[in-house]
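The structure under discussion appears below in the form of structure tokens.
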Amino acid sequence: MMKKALSPMLRFPFAVVACALLLAVLPAAPTRAANLTVTPGLLIEEAWDSNIFNAPIDATQTDDFITRATPRLTLTLVSPGSAVNLMGAIEAEWYAENTDLNRNAATKLLELTTTGPLVLSPRFSLYPAARFVESRDTGRPEILIEVPGPTPLPAPDITPTETVITARTGRRVYAASLQTISRLTPNVDLELGGTFLRRDYFEGPPGLIDSRTFAENAAVLWRFSPRYSGGIFAEASQNSFIGRPNSRTYTGGLIGRYTWSEQTLIEGRAGATYRLESTGVDNEKISGWDPYALFSVAHARPGFRAFFLASYELAGAGSFGLTTKRGSASLDLFHELARDWAWDVSGAWQSNRSTDEAVSEDIITARGSAGLRYTAAPWALLRLGGTAARQWSQGPSGSDLERFSVMLGLTLTNTYLIL
């Protein structure tokens with residue numbers, strides 16, 4: 001069971017996140033001008049889905065037509081070099097045949113993000129982020145509305161990275177993070193951060209485990225040239241599973257970053273993770289070493305975005321209450337074909353394999369999506385798209401399944417200046 005009190009080390013993320021939420025609502029510097037805007041939006045979508053219950057391949061699958069309506073409101077505080085976004089959205093779903101699944105609030109989302117770092121002084125900046133999501137379908141990505149806008153290089157992301165598809169169930173995810181960057185000398189930066197992730201399940205079949213993850217990270221980087229920097233990093237994480245033994249992980253290694261241009265950033269990390277897992281019998285623990293690696297390329301320019309990520313890590317907060325060896329790869333592309341036309345393509349692959357000798361979780365998931373967009377007016381966007389997902393399970397957890405969907409959506413949105 002999860003302990004009621006956390007060690008002083010693991011209380012740090014709470015203090016960090018609290019400070020971040022307070023600082024995030026302020027301008028980056030009191031001497032700079034700032035604007036406050038509000039952006040209401042509404043997505044109306046008609047979709048067909050081949051497997052609305054995420055049933056296994058060898059079971060009867062149910063398809064249906066679904067109508068979705070998603071109102072969304074975003075408040076943005078803009079100052080030179082950065083912007084703070086507070087967004088809330090609710091998604092309603094109505095099924096043509098399976099009307100018992102109809103919900104006026106099938107998905108709820110509240111999110112705090114930043115565009116660029118919040119610069120509090122010439123030597124100190126930070127990236128705060130927070131998210132709450134309540135949904136009832138793990139087989140559908142939680143992307144509600146995408147409003148066209150600036151295309152900066154991505155900031156640190158707190159989105160849970162597990163892509164396992166389970167039976168239809170209710171899920172609440174609470175996440176928060178803060179990354180700080182301090183310039184110790186003209187050529188040395190210190191990065192400190194903390195993250196919190198909580199995942200709760202409700203309204204679903206048994207077998208899915210609530211979890212909590214607290215993590216802290218630190219890195220020291222030296223700028224060897226205007227484009228290249230490198231250094232060392234470390235991270236400590238505690239993973240708590242309700243009703244299951246807990247685990248701790250400690251990761252360290254080398255980090256390198258190369259700014260190819262103002263539009264392209266390359267990052268690589270390599271190291272090792274030491275794990276301590278409780279067996280549930282007295283104070284007995286199992287320990288071991290695992291490799292850690294991450295490589296990413298981000299490119300952004302007006303009209304085009306590309307992001308590639310590949311990683312191998314020891315991850316906590318799995319859906320089945322287990323610490324897993326996780327390998328992931330993803331690619332996201334967006335390109336404007338002409339003044340009013342654009343396309344988007346994304347794909348992802350992930351393997352989750354538990355560290356226990358029984359291998360009680362061994363799941364591979366692959367996803368892909370593509371869409372064509374037409375900007376009918378500055379405030380109206382049409383998108384025709386499709387998605388495909390395939391999952392393979394080699395253990396008692398999860399199941400082999402596949403799912404396809406096609407959707408046509410209309411996004412109505414506009415931005416208004418308040419201050």
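Computing FRET efficiency as 1/(1 + (r/R0)^6) for Thr67 and Lys108, where r is the C-beta to C-beta distance and R0 is 22 Å, gives about 0.75.
Where does the charge balance sit around Ser397 when Lys and Arg score +1, Asp and Glu -1, over other residues with C-beta under 10 Å from its C-beta? It works out to a net charge of -2.
In this rough spin-label picture, where each label sits 7 Å from Cα along the Cβ direction, the Leu372-Leu120 distance is 4.9 nm. The peptide list 381-391, 320-330, 100-110, put in order of mean Cβ contacts within 10 Å with the highest first, becomes 320-330, 381-391, 100-110.
Annotation: extensible slack from Ile44 through Ala270 equals 77.0 nm (criterion: 0.36 nm per residue apart, minus Cα-Cα distance). Relative contact order, whole percent, for the chain stands at 14, derived from Cα pairs under 8 Å and 6 or more residues apart.
Summary of the geometry: segment 203-278 and segment 365-405, compared by the centres of their Cα atoms, lie 27 Å apart.
Residue-wise HN-Hα couplings along segment 40-55, as the Karplus relation 6.51 cos²θ - 1.76 cosθ + 1.60 with θ = phi - 60° gives them from phi, are x, x, 9, 9, 10, 9, 10, 9, 10, 10, 7, 8, 6, 9, 6, 6 Hz; Gly and Pro carry x.
Our estimate of slack between Arg227 and Leu331, defined as 0.36 nm per intervening residue step minus the Cα-Cα distance, is 35.0 nm. In this rough spin-label picture, where each label sits 7 Å from Cα along the Cβ direction, the Ala380-Thr279 distance is 6.7 nm.
Shape verdict for the chain, please, from the Cα gyration tensor: rounded (a/c under 1.5), prolate (a/b greater than b/c) or oblate. Oblate, because a/c is 1.5 or more while a/b does not exceed b/c.
Restricting the calculation to Cα atoms, segment 239-293 yields a radius of gyration followed by a Dmax of 17.1, 55 Å.
Phi angles across segment 235-252 convert, under the Karplus curve 6.51 cos²θ - 1.76 cosθ + 1.60 with θ = phi - 60°, into 3J(HN,Hα) values of 8, 10, 9, 10, 10, 10, 10, 5, x, 10, x, 8, 8, 10, 10, 10, 10, x Hz, Gly and Pro given as x.
For segment 271-405, count all C-alpha to C-alpha pairs, find those more than 25 Å apart, and express that count as a whole percent of the total. Pairs farther apart than 25 Å: 45 percent. Using the Cβ-Cβ distance between Glu262 and Ala59 with R0 = 51 Å, the FRET efficiency computed as 1/(1 + (r/R0)^6) comes to roughly 0.50.
When the helices of the chain are scored as -39500 (n - 2.57) per DSSP H run of n ≥ 4 and the total is divided over every residue, the value at 222 nm lands at -1500 deg cm²/dmol.
Estimated at 0.36 nm per residue, the fully extended path between Val345 and Leu417 surpasses their Cα-Cα distance by 22.7 nm.
Rule-based calculations on the coordinates, nothing more; no lab input. Just so we're clear, the structure is a prediction, and the values are computed from it rather than from any experiment. In this analysis, Cβ positions are derived from the backbone assuming ideal geometry, glycine residues included, and neighbour counts consider all displayed protein chains.
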